[in-house]
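In what follows, a structure is listed as structure tokens, so that the remarks can point back to it.
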Protein chains: 2
Amino acid sequence: MTAVETLTYPDPADALELASRAADRGALVTLVGSCTVEYEGRAASSLGLGDRHVMLKPDGAALVHTDEGQQPVNWQPPGCEHSVSVDDGSLVVRSTRSTPEESLDVVFETVAHAAAFDVSDSEDLALTGTEADLKDRILDEPALVESGFTPLATERETPAGAVDIYGEDTDGRTTILELKRRRVGPDAVGQLGRYVDALDRDLHADTEVRGILVAPSVTDRARQLLAEKGLEFVSLEPP
Amino acid sequence: MTAVETLTYPDPADALELASRAADRGALVTLVGSCTVEYEGRAASSLGLGDRHVMLKPDGAALVHTDEGQQPVNWQPPGCEHSVSVDDGSLVVRSTRSTPEESLDVVFETVAHAAAFDVSDSEDLALTGTEADLKDRILDEPALVESGFTPLATERETPAGAVDIYGEDTDGRTTILELKRRRVGPDAVGQLGRYVDALDRDLHADTEVRGILVAPSVTDRARQLLAEKGLEFVSLEPP
DNA sequence: ACGTACATCTCGAAA
DNA sequence: TTTCGAGGTGTACGT
């Protein structure tokens with residue numbers, strides 16, 4: 001972090017100057033003030049006058065945050081073109097992209113705060129407790145699923161998509177696993193069912209394919225669906 | 001928007017003082033600087049030293065943004081308890097919650113910027129182009145789905161969940177619609193299939209229930225699944 | 001509090 | 001570019 005520039009209650013022209021320079025040098029820009037927000041693209045939205053925090057990232061992302069909620073009230077994804085201007089005496093931020101055609105317009109009635117930050121971040125997030133970790137755990141110790149289970153492949157392709165773990169049970173019967181890092185509902189059962197059906201059709205072996213849902217737990221409805229489809233469940237958590 | 005407080009490259013003690021006062025009066029706090037981030041809860045993550053933008057909202061949400069991406073690299077949902085302190089000469093932000101037990105720790109090596117904003121926002125977002133809008137469009141003009149289609153209920157409950165639109169076709173045959181605001185994949189077909197199966201079993205009428213997926217378009221695999229399950233597709237977009 | 005499904009979901013990987 | 005599934009998904013609305 002080298003430079004930090006800050007303006008409090010700036011004239012629109014001064015805020016524009018700061019934002020323009022910051023964007024040119026790839027800095028992160030924040031603007032706070034009373035504004036309206038209009039969005040049009042995959043959907044369309046309109047937001048009346050209120051105090052919000054606007055963040056413009058050097059990668060083209062734009063975020064409009066209110067005082068509530070984890071999610072921005074409006075946004076634009078990375079890769080957008082930001083343009084800041086003064087129109088009719090008001091600071092205006094416009095962020096656009098194509099494919100799909102989308103535009104976000106923030107019009108400030110008053111700018112309470114404008115800032116630019118030269119941030120640099122080379123670190124990657126190290127995350128554990130994911131589905132990939134659960135997969136590794138099972139590959140390390142397949143007996144956690146079932147004594148005699150032998151993994152043969154991961155991400156094996158079927159006409160319905162890729163199976164998390166493909167293998168066979170102690171009797172040599174084809175057995176596939178669908179892994180979930182957390183408690184699952186009916187959707188995961190549907191997913192596993194599609195893979196089993198696809199393999200049943202593809203392999204047309206004399207014995208049916210076994211499908212096992214591996215997750216910490218399942219909802220009642222999911223358990224019922226598993227029974228209907230002749231699928232199984234094994235309780236297991238990511239390490 | 002009334003008060004804006006700003007500090008550039010403050011001492012940790014000064015940053016702490018600003019953040020504490022701001023949190024007490026329900027202001028939005030932002031901190032920018034070089035920091036590490038540790039998270040533990042549903043999963044666990046670790047992030048090495050780098051420049052980030054931290055936002056603490058009065059509703060208890062916390063967001064840690066890097067210079068890239070629309071999503072925060074770490075976060076905490078609304079309802080958390082924030083605590084700011086100085087530990088071993090470093091500014092430390094800790095955000096925790098229970099159910100589930102989760103904690104987020106941000107330790108600043110240097111604070112480049114600290115600010116507090118008294119934001120107020122009474123406006124609600126007006127959003128169009130949602131699934132609800134598609135539903136209204138169909139209820140207004142059911143013939144868009146099929147000549148003679150008659151909606152009888154929305155959100156009708158089945159053992160497998162609530163059906164978007166429940167009705168009957170021109171022959172009096174029970175017909176249910178699953179609506180999606182955008183192009184759909186296999187998951188939506190599975191959803192519709194579950195509802196149709198549940199109603200088939202529940203009503204055990206002499207004729208089978210018709211299931212129609214209503215969306216702008218479907219993927220190849222979804223179309224194939226529809227055919228396999230004897231389900232139908234009608235192309236329709238939200239207004 | 002849990003369950004269920006929507007979302008301008010976002011994000012990454014693979015075809 | 002599209003498709004597909006994961007995600008600490010979040011969010012609203014049920015029960």
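The values are calculated or read from the model by the stated rules, or taken from the named source; none is laboratory data. On a predicted model such as this, the values are computed, not experimentally measured, just so you know. Heads up, the Cβs are rebuilt from the backbone with ideal geometry, glycines too, and the neighbour counts pull from every protein chain shown. Each accessible area value is taken on the protein alone, full model and side chains, heavy atoms only, with ligands, DNA and RNA left out. Shrake-Rupley method; radii C 1.70, N 1.55, O 1.52, S 1.80 Å.
Quickly run through region A:158-176 and pick out the residues that are open to solvent by 50 Å² or more (accessible area, probe 1.4 Å) and under 18 Å from A:ASP202 (Cβ atoms).
A:PRO159, A:GLU168, A:ARG173 - these are the residues of region A:158-176 that are open to solvent by 50 Å² or more (accessible area, probe 1.4 Å) and under 18 Å from A:ASP202 (Cβ atoms).
Just one of the numbered conditions (1) within 15 Å of DNA strand C (Cβ to nearest atom); (2) aliphatic (A, V, I, L, M); (3) facing chain B (nearest Cβ under 10 Å) is not true of A:ALA3; which one?
(1)
Restricting to strands (runs of 3 or more DSSP E) lying wholly in region B:6-91: which have 1 or more residues that are more than 12 Å from chain A (Cβ to nearest Cβ) and open to solvent by 40 Å² or more (accessible area, probe 1.4 Å)?
B:81-87
Restricting to region B:92-119, what's the tally of residues that are open to solvent by 20 Å² or more (accessible area, probe 1.4 Å) and within 15 Å of B:GLY41 (Cβ to Cβ)?
9
Do we find that A:GLU155 is open to solvent by 60 Å² or more (accessible area, probe 1.4 Å) and part of a strand (DSSP E or B) in this structure? Break it down stepwise before answering.
Working: open to solvent by 60 Å² or more (accessible area, probe 1.4 Å): yes; part of a strand (DSSP E or B): yes.
Here the answer is yes, as A:GLU155 does meet what is asked.
Restricting the search to region A:115-135, which residues are without any contact (Cβ under 8 Å) to a residue 40 or more places away in the chain, more than 7 Å from every other protein chain (Cβ to nearest Cβ) and of a type in the set (D, E, K, R)?
A:ASP124
Do we find that B:ILE138 is crowded, with 18+ Cβ neighbours inside 10 Å, part of a helix (DSSP H, G or I) and away from every other protein chain (no Cβ under 14 Å) in this structure?
yes
Enumerate the pairs (first residue in region B:169-190 and away from every other protein chain (no Cβ under 14 Å); second residue anywhere and open to solvent by 10 Å² or more (accessible area, probe 1.4 Å) and assigned to a strand (DSSP E or B)) with beta-carbon separation below 6 Å, excluding pairs fewer than 6 apart on the same chain, so at least 6 apart or on different chains.
B:ARG173/B:ARG210; B:THR174/B:GLU168; B:THR175/B:GLU168; B:THR175/B:ARG210; B:ILE176/B:TYR166; B:LEU177/B:ASP164; B:LEU179/B:ASP164
Find all pairs meeting these conditions: Cβ atoms under 8 angstrom apart; at least six residues apart or on different chains; first residue within region B:63-90 and in contact (Cβ under 8 Å) with a residue 24 or more places away in the chain; second residue open to solvent by 60 Å² or more (accessible area, probe 1.4 Å) and assigned to a strand (DSSP E or B).
Final answer for the pair search is B:VAL64/B:TRP75; B:HIS82/B:ARG94; B:VAL84/B:ARG94; B:SER85/B:ARG94; B:SER90/B:GLU109.
Would you point out which residue out of A:SER103, A:SER122, A:SER95 is in a loop (DSSP other than H, G, I, E, B), among the hydroxyl-bearing types (Ser, Thr, Tyr), within 28 Å of B:ALA61 (Cα to Cα) and within 16 Å of DNA strand C (Cβ to nearest atom)?
A:SER122
The conditions are (1) within 14 Å of chain B (Cβ to nearest Cβ); (2) within 16 Å of DNA strand C (Cβ to nearest atom); (3) closer than 22 Å to B:GLY193 by Cβ; (4) surrounded by 17 or more Cβ atoms within 10 Å (Cβ to Cβ), and A:ASP197 fails exactly one of them. Which is it?
For A:ASP197, the failing item is (2).
Taking region A:148-196 as the search range and keeping residues that are over 26 Å from B:GLU228 (Cα atoms) and aliphatic (A, V, I, L, M), which one is nearest to DNA strand D (Cβ to nearest atom)?
Among them, the one singled out is A:ALA153.
Within the bounds of region B:150-166, is there any residue that is under 20 Å from the mean Cα position of the chain (by Cα) and in the same structural domain as B:LEU28 (by TED's automatic domain parsing)?
Within region B:150-166 (the criterion being under 20 Å from the mean Cα position of the chain (by Cα) and in the same structural domain as B:LEU28 (by TED's automatic domain parsing)), the answer is no, since none of the residues qualifies.
Inside region A:198-226, can you point out the residues that are within 12 Å of DNA strand D (Cβ to nearest atom) and either over 17 Å from A:LEU134 (Cα atoms) or in contact with a Cys (Cβ under 7 Å, 6 or more places away or on another chain) (or both)?
The answer is A:ALA198, A:THR219, A:ASP220, A:ARG221.
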